[in-house]
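Please read the structure below before turning to the comments.
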Amino acid sequence: MKKLKKVIIPAAGLGTRMLPATKVIQKEMLPLAGKPIIHYIVNEAIKAGFTEIILVTNENKISSESYFETSFELETALSKISNKTLLKEMREISNLKAKIINVKQNKPKGLGHAILTAESLILDEPFAVILPDMIIDSNYNLKNLALMKKNFEKTQVSSILLGKCKKSETQNYGIVKVKNKNSKNNFLEINDVIEKPNPKKAPSNLFVAGRYVFSNEILRYLNKEKPDLSGEIQLTGALYNFLKDSKTLKGLLLEGDIHDCGNKLGYLIANLAFSFKDKKIKREVLKFIK
Ligand code: UTP
């Protein structure tokens, strides 16, 4: 039985929906209630038990690479002014309980291509993928991906996390068709994955919520995937062919709220939701809105 140690976080996309904020900075470095989005994502991976985190970044943008490194200059300055709280917080960022490895995707050629960029670090092991623009409430860090990891280590079966959307919103997501809606252990059996279907053609309202756990086999399918009309290699295409070969893929229903930080409205709502964890901020913001 193989253990899951590695997780890939693809963060090399163009972020066009968030321009101009993302012109020189990757969207995963934008702040959410005072911390870069990537910080929450890396914490989620560590809480789930991953020990090797592979960040795929874009070589033309300011990325999270140096965020997780020690900043001696800053630490010296904070020591001088005796700001112990901030110093501790800064040290925690660079002393994580996981190894962070950075790889560069030479061009934004799609999510599938971003995953393949990390192939030489995965070798023959299973791995997880977290899409960093999909943020899940951190109170649920021991559910979701953590449960998918546990399930893989017991069964060696790949799985993805599923959220529920309004039927009218299916064209914004990858939507799945499931076999057994009333499965006993919470893991549903997936029959098909369709990219952004029209609500009339969507087989369900269950969308792929940006968390995946894969046996190494998926790399073979990704390597066979041809670029689509926009020149991108898509993960959905590889999943489609994986399922067509009768391979098993399970789906776990998401617990907690999820926010899409890849668009301006979702990002704003996520900022409110995360900031509201601080009661004082919540009170003041609600007063202002009134
Ligand atoms: P998205 O399609 O949501 O991100 O990809 P994007 O392409 O950056 O956004 P828009 O559509 O232009 O606004 C999902 C995840 O995959 C990563 C993105 O960074 C994002 O976290 N990605 C996407 C890559 O790492 N490389 C790519 O070539 C494409």
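Derivation of every value follows stated rules applied to the coordinates shown; laboratory data play no part. Treat the numbers as computed from the prediction; the structure is a model and nothing was measured. A quick note on method: Cβ atoms are made from the backbone with ideal geometry, for glycine too, and the neighbour counts reach across all protein chains shown.
Structure summary
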{"item": "Of the chymotrypsin sites (Phe, Trp or Tyr not before Pro) in the stretch 1-84, those whose Cβ has at most 10 other Cβ within 10 Å and which sit in DSSP loop", "result": "none"}
{"item": "Percentage of interatomic Cα-Cα distances in the chain larger than 27 Å", "result": "42 percent"}
{"item": "Of K6/K167; K200/K224; K88/K287; K5/K109; K109/K264; K6/K247, those spanning more than 29 Å from alpha-carbon to alpha-carbon", "result": "K6/K167; K200/K224; K88/K287"}
{"item": "Computed Kirkwood radius, in angstrom, where 1/r is averaged over Cα pairs of the stretch 1-41", "result": "11.8 Å"}
{"item": "Estimated FRET transfer efficiency when R0 is 51 angstrom, pair N223-L286 (beta carbons, to 0.05)", "result": "0.50"}
{"item": "Volume in Å³ per residue [convex hull over Cα atoms, computed for the stretch 1-148]", "result": "128 Å³"}
{"item": "GluC sites (Glu not before Pro) within the stretch 162-231: DSSP coil, no more than 15 neighbouring Cβ in 10 Å", "result": "E217"}
{"item": "DSSP-assigned coil residues among trypsin sites (Lys or Arg not before Pro) in the stretch 5-108, each with at most 13 further Cβ atoms within 10 Å", "result": "K23, K97"}
{"item": "Residue order, fewest to most beta carbons within 10 Å, for V157, V7", "result": "V157, V7"}
{"item": "Spherically averaged projected area in nm², based on the convex hull that wraps the Cα atoms of the stretch 102-157", "result": "5.0 nm²"}
{"item": "Extended-chain gain in nm, criterion 0.36 nm per residue less alpha-carbon gap, A77 and K167", "result": "27.1 nm"}
{"item": "Qualifying aspartates and glutamates (Cα of each under 13 Å from Cα of K27; at least 8 residues distant if same chain)", "result": "D133, D260"}
{"item": "Whichever aspartates and glutamates have a C-alpha closer than 17 Å to that of K47, once near sequence neighbours (fewer than 8 apart) are set aside", "result": "E92, D137, E153, E255"}
{"item": "The stretch 142-192: Cα Rg divided by the 2.2 N^0.38 Å rule of thumb", "result": "1.26"}
{"item": "Residues I62, I175, I100 arranged by fewest to most Cβ contacts within 10 Å", "result": "I62, I100, I175"}
{"item": "Residues S215, S82, sorted so that the one with the fewest Cβ neighbours within 10 Å comes first", "result": "S82, S215"}
{"item": "Computed helical MRE - 222 nm, the chain, DSSP H runs ≥ 4 contributing -39500 (n - 2.57), nearest 500", "result": "-9500 deg cm²/dmol"}
